[in-house]
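Report on one structure; see the data block that follows.
Please treat every number below as a calculation from the coordinates, not as lab data. As the structure is a computational prediction, the values presented were derived from the model and not from experiment. Reconstructed Cβ throughout: ideal geometry from the backbone, glycine too, with neighbour counts over all protein chains shown.
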Amino acid sequence: MTIALSPNASAPLAPPASIEPLVVPDRLLLGPGPSNVDPCVIAAMNQQPIGHLDTAYLAMMDEVQELLRYTWQTTNPLTYAVAGTGSAAMEATLANAIEPGDRVLVCVKGYFGHRLVDMAQRYGADVVAINRPWGEAFSLEELTTALAEHRPAVLAIVHAETSTGVCQPLEGLGAACAAHDCLLLVDTVTSLGGVPIFLDEWQVDLAYSCGQKGLSCAPGISPFTMSDRAVAKLERRRQPVANWYLDAALLRKYWGPERVYHHTAPVNLTYALREALRLLAEEGLDARWQRHRQIAEYFWSGLADLGLSCHVEESLRLPTLTTVRVPDGVDAKAVSRQLMADYNIEVGGGLGELGGRVWRIGLMGYNSQREHVDTLLHALAAILHQVT
Ligand SMILES: Cc1ncc(COP(=O)(O)O)c(C=O)c1O
C-alpha cells in the first residue's frame, strides 16, 4: 500500500539505477599523498561516533593536542586539529595571521608557494613574492635581505615543497623574523612525521600540516599551531578574522577549557589522528626520522641502479617525497598509467613547470618501508625495460 504523504506531494525522482555496495580497490599509494593509512588507524576510525562534547571525546581532544605538540616539538598552548584538509589548515594560518593591508612576504620555490600567495591575497594582504627556481631552496642570507628590504608582518614559506621534493633549511630564519618583528609561518604538510622539525627551537610562529602523509592518518583532519607571539597579534586585531570557520579566537574556546560549541567535530577522524599520533609517539621521533631517511636513501640508490636520477641535489632532498627525472623520450604519464594498471601502484606526476619532467614518489609514514621500495623499483624496471 502506498501512503500519501500530503495531497499535493510530488513523487520523488527515481533513484539512480544499480549502484552496488562500495568496493575500494587495493592500491599502494606512493604518490605525493594520500599515503596508505596504518591499519591500526583504520581500526580506530572504524568505531561508532560519540558526541563531540562527550567527556570521552573532550579527553581525546586534549590527548591530540598533547601529541601534536610532541610531534612538532612545541609547547604552543594553541595547537589543535582543523576539520579539513591541509589547505584548510593553510588557510587557517593565513586567515588568523593577516589583517587587511599587512605586508606578507611569500617565498615561492614551487606550486604550494603560489597557493600561499593566492590565499594571502584573498585575505587582503599586501603580498610580496620572492622566487627561486623549482628544485632549489632559499639561503638564509637571501631571506634576511628580503626581510630587511620588505619589512613584512608575516613571512610564509614551505618547509617541504611537495611539487619539487626540496627541503627548505629553516635554522636561523625564526630569529631573523623575530628581529624584524615579523611572524614566521611554515607549511609542514610533507615534513611533519617524516622530517626533523623543531618548531620552538626554530622560532616558528604559525604552522600547519595534514593527516594523510607523514602521519599515516586519513585525509580531512589537519594539525594547526600558533605561538604566543602570533596569538598576541590575533588578540590585537582591529577586525575579526574574515573566515568564521577557521577563526582561532573562536576555536580556542572549543579546544581550550571553556569547551564552547563551534562546529560538529569530525569525530571519527579525531579517533584516527589520535591513533596515528599515538603510534608516532610509540615509535619515537628520532627513530621515525631515521627510518624515513634510511628508506629514502635505499630508494635513491635503487634509482641510481636503474639509471634514473633525482631532480634535487642530495643535501636538499626530502626523504618523504622524491622527484625522479623522466628519461628523455619516455612518456611520464604512460609509465604512471602502467604502474597503476599492472601493479596497483599510484605515483604522482610533475606539477606546474615540472609537468611531464618528473615523477613524484612519496615514501611517507606507514609507507616508508623497504618492501614498498622493492615493489616499486621492480615494477619501474620492468616498465622502463619495455618502453626504452
Ligand atoms: C606542501 C603542501 N601544502 C599544502 C597542501 C594542501 O593540502 P591538502 O591537499 O590536504 O589540502 C599540500 C598537498 O599536497 C602540500 O603538499
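Per-residue HN-Hα couplings for region 124-136, Karplus 6.51 cos²θ - 1.76 cosθ + 1.60 at θ = phi - 60°, whole Hz, x for Gly and Pro?
x, 6, 8, 8, 10, 9, 10, 10, 10, x, 5, x, 10
Quickly work out the Asp200-to-Arg370 label distance, labels modelled 7 Å from Cα along the C-beta direction, and quote it in nm with one decimal.
3.6 nm
Using the beta-carbon distance between Arg238 and Arg151 and R0 = 25 Å, what value does 1/(1 + (r/R0)^6) give for FRET efficiency, to the nearest 0.05? Before the final figure, lay out each step's value.
Values: r = 20 Å, r/R0 = 0.78.
Calculated value: 0.80.
Choose one answer from Thr145, Thr162, Thr320: the residue with the largest mean-square fluctuation in a GNM of the chain with alpha-carbon springs under 10 Å.
Maximum among the listed residues: Thr145.
What does the charge add up to near Ile130, with Lys and Arg as +1, Asp and Glu as -1, over the other residues with Cβ less than 12 Å from its Cβ?
Numbers: positive: Lys109, Arg132; negative: Glu142, Glu149.
Charge balance near Ile130 sits at 0.
What relative contact order, as a whole-number percentage, does the chain give when Cα pairs under 8 Å and 6 or more residues apart are counted?
Numbers: 730 pairs, mean separation 90.1, N = 388.
After rounding, I find 23 percent.
Charges only on Cβ, +1 for Lys and Arg, -1 for Asp and Glu: so what's the dipole of region 261-388 about the Cα centre, in debye to the nearest 20? Don't jump to the answer; show the numbers that get you there.
Values: 12 positive and 15 negative charges, 55 e Å.
Magnitude of the dipole: close to 260 debye.
How much length would be gained if the chain were fully extended between Asp228 and Leu306, taking 0.36 nm per residue of separation minus their Cα-Cα distance, in nm to one decimal? Spell out each step's value before the answer.
Numbers: separation 78, 0.36 × 78 = 28.08 nm, distance 4.94 nm.
In short, 23.1 nm is gained.
Put +1 on the Cβ of each Lys and Arg and -1 on the Cβ of each Asp and Glu in region 39-282; which of Ser227, Val108, Leu269 then has its Cα farthest toward the positive end of the dipole?
About the Cα centre, the residue reaching furthest to the positive side is Leu269.
So what are the ³J(HN,Hα) numbers for region 240-247, from phi and the Karplus equation (6.51, -1.76, 1.60; θ = phi - 60°), rounded to whole Hz, Gly and Pro as x?
Listing the rounded values in order: x, 4, 5, 10, 4, 4, 9, 5 Hz.
Tell me the GluC sites (Glu not before Pro) within region 152-238 that lie in a loop according to DSSP and have at most 15 other beta-carbon atoms within 10 Å. Can you show the working numbers first?
On the way: sites: Glu161, Glu171, Glu201, Glu235; in loops: Glu171, Glu201.
Sites meeting the loop and neighbour criteria: Glu171, Glu201.
Please give me, ordered by residue number, the GluC sites (Glu not before Pro) of region 306-363 that lie in loop per DSSP and have at most 13 other Cβ atoms within 10 Å.
Values: sites: Glu313, Glu314, Glu346, Glu353; in loops: Glu313.
Within region 306-363, the qualifying GluC sites (Glu not before Pro) (loop, at most 13 other Cβ atoms within 10 Å) are Glu313.
Taking only the alpha-carbon atoms of region 314-388, what semi-axes of the equivalent ellipsoid follow from 5 times the gyration tensor eigenvalues under a square root, in whole Å, largest first? Spell out each step's value before the answer.
Working: eigenvalues 70, 57, 23 Å².
Equivalent ellipsoid semi-axes, largest first: 19, 17, 11 Å.
Using a Gaussian network model of the chain with C-alpha springs under 10 Å, which one of Ala17, Ala83, Ala334 is most mobile by mean-square fluctuation?
Judging by the Gaussian network model, the answer is Ala17.
Would you work out the Kirkwood radius for region 39-282? I mean one over the mean of 1/r across all pairs of different Cα atoms, in Å. Show your work: numbers first, answer last.
On the way: mean 1/r = 0.0556 Å⁻¹.
By the Kirkwood definition, the hydrodynamic radius is 18.0 Å.
Quick check: net charge around Thr55, other residues with Cβ under 12 Å of its Cβ, Lys/Arg +1 and Asp/Glu -1?
-1
Between Arg69, Arg317, Arg337, where does the largest GNM mean-square fluctuation fall for the chain, given springs only between Cα atoms within less than 10 Å?
Checking each option, the largest mean-square fluctuation is seen for Arg337.
With contacts defined as alpha carbon pairs under 8 Å and 6 or more residues apart, what's the relative contact order of region 268-388 in percent?
With pairs under 8 Å counted, the relative contact order is 27 percent.
No partner Cβ under 4.7 angstrom, meaning no disulfide-compatible partner by this rule: which Cys of the chain qualify?
Cys40, Cys107, Cys167, Cys210, Cys217, Cys310, each lacking another Cys Cβ under 4.7 Å.
Sequence-distant or interchain residues sharing an amide H contact under 5 Å with Ala125, placed H: which?
Excluding prolines and chain starts, which carry no amide H, the hits are Gly101.
Phe299: net charge of surrounding residues, Cβ under 15 Å, Lys/Arg +1, Asp/Glu -1, itself excluded? Please report the intermediate quantities before stating the final value.
Working: positive: Arg291, Arg293, Arg317, Arg325, Arg360, Arg370; negative: Glu297, Asp305, Glu314, Glu371, Asp374.
Computed value for this residue: +1.
Among the lysines, which have Cα under 19 Å from the Cα of Lys253 when same-chain residues fewer than 8 positions away are ignored?
Lys233
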